[in-house]
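Scroll down for the structure; my scribbles are underneath it.
What follows is calculated from the coordinates using simple rules that are stated; it is not laboratory data. On a predicted model such as this, the values are computed, not experimentally measured, just so you know. Cβ sites come from the backbone with ideal geometry, for glycine too, and all protein chains shown count toward neighbours.
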Amino acid sequence: MTVVVAPDKFKGSATADEVARHLAAGIRAAAPGTEVVEVPVADGGEGTVDAALRQGFRAVPVRVRGPLGAPVDAVVAVREGTAVVELAQASGLALVEGAPDPLAATTYGTGQLVAAALDAGCRTVVLGLGGSASTDGGAGLLQALGATLLDAGGAPVPAGEGHPLVVHGLDLAGLDPRLRAVDVVVATDVDNPLLGPRGAAPVFAPQKGADPGQVGVLAEALGRWADLLGAAAGAVPGAGVVPGANATPGAGAAGGVGFAALAALGARVRPGVDVVLELVGLADALTGARLVVTGEGSLDEQSAGGKAPVGVARAAVAAGVPVVAVAGRVALGPDRLRALGFRAAYALADLEPDPARSMAGAPRLLREVGRRIGATL
């Protein structure tokens with residue numbers, strides 16, 4: 001009998017690897033004859049590179065410029081011409097925790113990671129978006145890849161300082177020519193456009209420290225940036241221009257990086273969880289399985305919008321395998337859980353109601369939930 005354990009991370013409490021390990025230990029303790037296959041997953045954000053490395057991708061270490069300029073160490077996962085790049089490692093909010101600067105943070109370091117993938121000879125680049133510290137519309141990303149950004153006086157913007165607030169001119173002629181032969185896949189769990197009420201600034205900038213006044217400033221700057229980038233991409237022969245890219249679902253991901261990738265790099269946008277499930281080979285792991293266990297820190301309506309557990313459930317149901325969820329807290333009722341494909345859901349909060357103690361004691365609680373799941377087998 002085989003059980004597949006395929007959780008995402010419990011943010012602030014346990015990595016996806018740790019969650020899988022503790023659940024698996026509990027299942028094995030209660031059902032010693034069970035083969036438990038651990039397949040930790042992600043949704044295209046934090047943990048995506050780790051998921052690829054577990055499947056045999058090679059780690060290429062890169063030192064890049066962080067969102068506010070300080071150097072950070074990151075990794076590109078490479079295998080057989082495909083690279084997996086995780087924005088959060090270079091331009092993530094966790095890198096500026098305690099001192100966010102929504103009007104200055106850029107994605108220059110993410111562009112450096114893409115450049116490292118090109119240096120490694122990759123022809124496909126999976127760009128995992130999520131956890132961004134910036135709302136720069138991907139200006140920093142493009143600058144690191146060779147675009148020339150100009151300030152109000154027509155002078156080049158210094159490297160790493162490119163942001164729509166200061167960019168008034170743009171020339172894409174210097175973009176790395178290798179990009180024209182590369183398939184860029186944007187992996188994201190959001191479908192927001194760049195502009196408008198559901199755009200990058202009003203929806204996501206407050207999460208990055210922006211106050212209401214700054215949100216308005218960023219929204220206006222992104223509108224100007226959309227015009228600049230659209231015109232510049234159209235002026236470069238052979239550029240991967242997507243008409244109306246700013247309105248494309250996913251263009252607002254990671255503060256507008258999705259838009260820059262679409263408009264200037266000819267990228268394709270795909271649900272992040274689908275990309276990751278392919279990378280980790282979940283479909284193969286499901287063959288012959290009797291049960292799938294997935295989960296994340298909070299199972300709620302946001303989960304239904306493209307988070308990893310719902311993607312895992314969808315794949316399990318398609319394969320005819322029952323699936324249950326484990327979460328720190330479960331905010332969905334029985335009918336909603338069934339509609340999403342879950343046979344049952346286990347909440348750590350039912351064992352330890354205090355959130356702080358639950359997070360601190362996650363390893364023990366996960367093993368206990370694993371034992372309860374094992375007992376049902």
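Pick from 208, 11, 307 the residue whose mean-square fluctuation is largest in a GNM of the chain, springs joining Cα atoms under 10 Å.
11
If you plug each phi of the stretch 121-127 into the Karplus form 6.51 cos²θ - 1.76 cosθ + 1.60 with θ = phi - 60°, what whole-Hz ³J(HN,Hα) values come out, in order, with x for Gly and Pro?
Coupling constants for the stretch 121-127: x, 6, 10, 10, 10, 8, 9 Hz.
Once every DSSP H run of n ≥ 4 in the chain is given -39500 (n - 2.57) and the sum is divided by its residues, what mean residue ellipticity at 222 nm do you get, rounded to the nearest 500 deg cm²/dmol? Could you put the intermediate results ahead of the total?
Working: 14 runs with 134 residues, N = 377.
It lands at -10500 deg cm²/dmol.
Kindly put 41, 60 in sequence by how many other C-beta atoms sit within 10 Å of each C-beta, fewest to most.
Values: 41 27, 60 17.
Final ranking by Cβ density, sparse to dense: 60, 41.
What spacing in nm lies between the two simple spin-label points modelled at residue 198 and residue 1, each 7 Å away from Cα in the Cβ direction?
4.3
If the chain between residue 268 and residue 354 were fully stretched, how many nm would it gain, using 0.36 nm times the residue separation less the Cα-Cα distance?
Working: separation 86, 0.36 × 86 = 30.96 nm, distance 4.26 nm.
That pair, residue 268 and residue 354, stretches by 26.7 nm at full extension.
Please name which of 140, 99, 121 has its Cα lying farthest along the dipole of the stretch 57-178 towards the positive end, using unit charges on Cβ (Lys, Arg +1; Asp, Glu -1) and the Cα centre as origin.
Most positive-ward Cα: 121.
For the stretch 60-205, what does the alpha-carbon gyration tensor say about shape, rounded, prolate or oblate, given a ≥ b ≥ c as the root eigenvalues, a/c under 1.5 as rounded, and a/b over b/c as prolate? Don't skip to the end; give the middle numbers.
Numbers: a/c = 1.44, a/b = 1.20, b/c = 1.20.
Since a/c stays below 1.5, the shape of the stretch 60-205 is classed as rounded.
Once phi is turned into ³J(HN,Hα) by the Karplus curve 6.51 cos²θ - 1.76 cosθ + 1.60 with θ = phi - 60°, what whole-Hz value does each residue of the stretch 253-266 show in order, with x for glycine and proline?
Taking θ as phi minus 60°, the curve returns 5, 6, x, x, 4, x, 5, 4, 5, 5, 6, 10, 10, x Hz for the stretch 253-266.
Give me the dipole magnitude in Debye, nearest 20, for the stretch 48-273 about the Cα centre, with unit charges on the beta carbon: positive for Lys and Arg, negative for Asp and Glu. Intermediate values should be presented prior to the final figure.
On the way: 13 positive and 18 negative charges, 114 e Å.
That gives a dipole near 540 debye.
Would you mind telling me which residue in 77, 247, 139 has the biggest mean-square fluctuation in a Gaussian network model of the chain, where springs connect alpha carbons within a distance under 10 angstrom?
In this elastic network of the chain, the residue with the biggest mean-square fluctuation among 77, 247, 139 is 247.
Would you mind ranking 46, 301 by Cβ crowding within 10 Å, fewest neighbours first? Can you show the working numbers first?
Details: 46 23, 301 9.
Going from sparsest to densest Cβ surroundings: 301, 46.
Residues in the stretch 292-335 near a label at residue 283, defined as backbone nitrogen under 17 Å from the 7 Å Cα→Cβ point?
Counting backbone N atoms under 17 Å from the label point, the list is 311-321.
Just to be sure I understand: with springs between alpha-carbon atoms less than 10 Å apart, which residue in 67, 322, 102 has the highest mean-square fluctuation in the Gaussian network model of the chain?
Among 67, 322, 102, the largest mean-square fluctuation in the Gaussian network model of the chain belongs to 322.
Work out the length of the dipole vector of the chain about its Cα centre, built from +1 on the beta-carbon of each Lys and Arg and -1 on the beta-carbon of each Asp and Glu, and round it to the nearest 20 debye. It would help to have the intermediate numbers written out before the result.
On the way: 29 positive and 36 negative charges, 185 e Å.
Charge dipole, the chain, about its Cα centre: 880 debye, nearest 20.
Distance between Cα centroids, the stretch 311-377 to the stretch 1-36: provide it in whole Å.
Cα centroid to Cα centroid, the span is 11 Å.
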